[in-house]
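The values are calculated or read from the model by the stated rules, or taken from the named source; none is laboratory data. Predicted, not measured: the structure shown is a model, and the values here were computed from it. Virtual Cβ from ideal backbone geometry, glycine too; neighbours counted across all protein chains shown.
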Amino acid sequence: MIKKIDKIILLVGLMGSGKTSVGKRLAKKLNLPFVDGDCEVEKASGLSLVDLLKCFGETEFRAGEMRVMKRLLQGAPCVLASGGGSFVAEQTRALAKDHAITVWLKADIDVLYNRTAGRKHRPFLIGSDKELKNKLEKYIVDEYPYYSEADIVVETREEQVDNTVQRVIEAIDGFLNQ
């Protein structure tokens, strides 16, 4: 079992991969604070993610997200759930390499679809069911190459969150003891 973590555990992956639900329980098990990157972006901007995107567009949204991630990645050890696309930014990946252990929660299209369908708080996934599936497939093609740079990969599937958390803990333990 992991004794003490002195780095940030950065959870990366697409929207619906389980970063928040796994992150909260992982933080509790590791006795670390949990930080949600999307919530921090909302706090910094004073807007919901949906409104931030509507008001400023994707370019400024990503720039603000990168500023928030830079601040968070230079902070104290915690479990940090990144925003879905934040790990795509080269600066974020470089900072993560220096300040964090990165864990990619990798999910297949069906898991992602089941977890995101009908959710209105995900600004990049708003649309019909068919549009959602197409968007998720495009994100998989576009973003999985970046996520593959993570230190650890844990497949997420339709299972109890605690089972996924246990597999993440085992993967981190293995990574730290290699």
Checklist entry - Can G57 be described as of a type in the set (G, A, S), out of contact with any His (no Cβ under 9 Å at 6 or more places or on another chain), at positive phi and in a helix (DSSP H, G or I)? => result yes
Next on the checklist: If I ask for residues that are touching a Leu at 6+ places or on another chain (Cβ under 6 Å) and in a loop (DSSP other than H, G, I, E, B), which ones from the range 1-13 would you list?
Outcome noted: I5, G13
Checklist outcome for this item: Those residues of the range 77-98 that are over 21 Å from S17 (Cα atoms) and touching a residue at least 60 places away in the same chain (Cβ under 8 Å) come to a total of 1
Checklist entry - Is the range 1-8 home to any residue that is touching a helix residue (DSSP H, G or I) at 6+ places or on another chain (Cβ under 9 Å), more than 18 Å from E143 (Cα to Cα), touching a residue at least 60 places away in the same chain (Cβ under 8 Å) and surrounded by 22 or more Cβ atoms within 10 Å (Cβ to Cβ)? => result yes
Item to check | Where V68 falls short, out of the listed (1) without any contact (Cβ under 8 Å) to a residue 24 or more places away in the chain; (2) under 30 Å from D162 (Cβ atoms) | outcome: (1)
Checklist entry - Only one residue in S48, S21 is of a type in the set (G, A, S) and within 20 Å of N163 (Cβ to Cβ). Which one? => result S21
Checklist entry - Taking G16 and the conditions (1) without any contact (Cβ under 8 Å) to a residue 40 or more places away in the chain; (2) not in a helix (DSSP H, G or I), which numbered condition does it fall short on, given that it satisfies the others? => result (1)
Checklist entry - For the subset of the range 29-44 comprising residues that are surrounded by 15 or more Cβ atoms within 10 Å (Cβ to Cβ) and in contact with a Cys (Cβ under 9 Å, 6 or more places away or on another chain), which member is nearest to G75 (Cα to Cα)? => result V35
Next on the checklist: Here is a list: R115, R71. Which entry is assigned to a helix (DSSP H, G or I) and exposed (fewer than 13 other Cβ atoms within 10 Å of the Cβ)?
Outcome noted: R71
Item to check | Criterion violated by E149 - all others in (1) at pLDDT 95 or above; (2) in a helix (DSSP H, G or I); (3) of a type in the set (D, E); (4) over 17 Å from L26 (Cα atoms) satisfied | outcome: (2)
